[in-house]
1. Output the residue which, of all residues in region 107-136 that are at pLDDT below 90 and either in a loop (DSSP other than H, G, I, E, B) or polar (S, T, N, Q) (or both), is farthest from Glu163 (Cα to Cα).
2. Does Phe206 meet the test of being more than 20 Å from Pro87 (Cβ to Cβ), touching a Gly at 6+ places or on another chain (Cβ under 8 Å) and either modelled with pLDDT of 95 or more or among the hydrophobic types (A, V, I, L, M, F, W, C) (or both)?
3. Is there a residue in region 75-82 that is in a helix (DSSP H, G or I) and not acidic (Asp, Glu)?
4. Given (1) farther than 19 Å from Phe198 by Cβ; (2) in contact with an Asp or Glu (Cβ under 6 Å, 6 or more places away or on another chain); (3) surrounded by 17 or more Cβ atoms within 10 Å (Cβ to Cβ), where does Tyr78 come up short, assuming only one miss?
5. Kindly evaluate Leu139 against the criterion of being closer than 30 Å to Ala56 by Cβ, in contact (Cβ under 8 Å) with a residue 24 or more places away in the chain, in a loop (DSSP other than H, G, I, E, B) and touching a helix residue (DSSP H, G or I) at 6+ places or on another chain (Cβ under 9 Å).
6. Just checking, how many residues over region 123-172 are of a type in the set (Phe, Trp, Tyr) and within 15 Å of Asp190 (Cβ to Cβ)?
7. Could you list, in sequence order, all residues of region 178-216 that are surrounded by 15 or more Cβ atoms within 10 Å (Cβ to Cβ) and either β-branched (Val, Ile, Thr) or not in a helix (DSSP H, G or I) (or both)?
8. What pairs can you find where one residue is in region 199-214 and touching a residue at least 40 places away in the same chain (Cβ under 8 Å), the other is among the small types (Gly, Ala, Ser) and part of a helix (DSSP H, G or I), and their Cβ atoms are less than 6 Å apart, with a gap of 6+ or different chains?
Amino acid sequence: MIVAPLSRIPEKFEYGSELGKFVYDIAIGYIISYIFYYLVVFLKNERDRQNVNYRASLQTSFIVIEGYNLYVDTMRYYNKTKTLFPPNFIDVHKACLNIDPFQSPLITTGTNSVSLSWKVYLQSFRQRNLEFVSKVISLPYIDSELFGLLIKFEDCKLFFEAERRIFPSHKTDTFYDGTFMEDGLKQYFDLISDLEKFKQINFKEFQQHLKLIDDRKNSYSDIFK
């Protein structure tokens, strides 16, 4: 005899009882293993994934905000009243035509404030962005699409310009405005747009992080359409 629910079923063939008990034990063992996995492994992984998503959502919000800051710092040199984000290449080009590569929005602190060059600005900007990126791509359970987006930030042309371009000590016939970075800016703004769209779809449960971005854009309402 085997235990319920098969204990009352007549044996139809030789060793049928033993086979029934074997199948029953396997089934019970599978159910117990599944419950154990669900309680000990699955729920823990879900909690870990939620914690990872929280941090990924927050850090990518900082990246998007940095992107809008750069956008505003670039478009302030463009006499067009308001522009859409991401801007088209023509708008970026026209803004860069009015940029002095040796006069960025970044200024020194102290009594006699001095505007720093765009080289210093871009290097500082790159460093902040990479710090945010590194805090995300090192996380476990990171979404592969998000990982791919962040890798593009690491390898983007704007950061290459910031790190590798040799700035002359003064304006020259071939280096007198901001067009040296127009391609990099356009690519970077497109990446910011892609990252924000990803967040709106995949991190929509973290509304407080999306609000951080909206608040920053609202503070620049005189520039954004």
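The values are calculated or read from the model by the stated rules, or taken from the named source; none is laboratory data. It should be emphasised that the depicted structure is a prediction, and the values quoted were computed from it without experimental measurement. Methodologically, a virtual Cβ is constructed for each residue, glycine included, from the backbone with ideal geometry; neighbour enumeration extends over all protein chains shown.
1. Filtering region 107-136 for residues that are at pLDDT below 90 and either in a loop (DSSP other than H, G, I, E, B) or polar (S, T, N, Q) (or both), the one farthest from Glu163 (Cα to Cα) comes out as Thr111.
2. Judged against the criteria, Phe206 is not a match.
3. yes
4. Result: Tyr78 passes all but (2).
5. Taking the combined requirement at face value, the residue satisfies it.
6. Total satisfying the criteria: 2.
7. Answer for region 178-216, where residues must be surrounded by 15 or more Cβ atoms within 10 Å (Cβ to Cβ) and either β-branched (Val, Ile, Thr) or not in a helix (DSSP H, G or I) (or both): Gly178, Thr179, Ile192, Phe203, Phe206, Ile213.
8. Phe203/Ser57; Phe206/Ser57; His209/Ser57; His209/Ser61; Leu212/Ser61; Ile213/Ser61
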